[in-house]
Amino acid sequence: MSDSPLDILIANYTDSHHARAIVQLMDEYARDPYGGGEPLSDACREQLVDKLGTFPGAFSVLAFDGSEPVGLVNCFTGFSTFACKPLVNIHDVIVTDRARGRGVCGRMLELVAREAEQRGCCKLTMEVLEKNEPAQRAYRKVGFEPYVLDENMGAAHFWQRYL
């Protein structure tokens with residue numbers, strides 16, 4: 001990891017350097033225990049960037065240290081029915097081990113916020129594992145907090161159902 005300034009940018013899904021970086025970082029994240037501990041499938045490695053590029057409202061933020069990819073955030077535009085405005089859901093946040101502690105996460109999330117504002121969004125949403133305390137600390141530093149409408153009702157939980 002060099003001491004050069006980081007380049008934080010919106011990914012271009014048709015740029016081969018960006019595409020390789022997205023797949024590399026997603027695979028690194030998938031192999032991590034917080035990402036499930038399994039490598040991306042061959043099909044996912046081959047199709048991910050093309051499918052992101054055609055998915056309505058998708059965008060990604062990349063961080064590079066020189067030519068080396070060190071961070072990725074994948075985002076999808078959704079809709080807040082209560083605010084009657086679009087929102088951005090942050091689906092994946094990846095910072096390589098060698099880049100942690102340099103503010104990469106915060107800088108990428110700030111670019112996500114600027115992009116969301118340009119798109120007329122009312123908020124950013126994300127999920128984070130209960131025991132991923134390093135990620136929670138990083139997210140709190142840039143203004144995220146657990147989703148609570150009413151303290152008496154408790155915090156929201158993220159659930160899923162496989163199809």
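Key figures
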item: Residue tally, condition at pLDDT 95 or above, of a type in the set (Asp, Glu) and under 18 Å from the mean Cα position of the chain (by Cα), over segment 31-64; result: 1
item: Any pair with Cβ under 6 angstrom, 6 or more apart, that starts in segment 117-143 at a residue that is free of Cβ contacts under 8 Å to residues at least 24 places away in the same chain and within 19 Å of Thr96 (Cα to Cα) and ends at one that is surrounded by 15 or more Cβ atoms within 10 Å (Cβ to Cβ) and aliphatic (A, V, I, L, M); result: Val128/Ala135; Gln136/Val128
item: Matching entry among Leu129, Leu149 (being within 16 Å of the chain's Cα centre (by Cα) and modelled with pLDDT under 95); result: Leu129
item: Residues of segment 99-147 classified as part of a loop (DSSP other than H, G, I, E, B) and either closer than 18 Å to Ile10 by Cα or in contact with a Leu (Cβ under 9 Å, 6 or more places away or on another chain) (or both), total; result: 10
item: Residue in segment 40-50 that is in a strand (DSSP E or B) and surrounded by 13 or more Cβ atoms within 10 Å (Cβ to Cβ) present; result: no
item: Qualifying residue in segment 80-98 (condition: part of a helix (DSSP H, G or I), at pLDDT 95 or above and out of contact with any strand residue (DSSP E or B) (no Cβ under 9 Å at 6 or more places or on another chain)); result: no
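The values are calculated or read from the model by the stated rules, or taken from the named source; none is laboratory data. All values reported here derive from a predicted model rather than from experimental measurement. Reconstructed Cβ throughout: ideal geometry from the backbone, glycine too, with neighbour counts over all protein chains shown.
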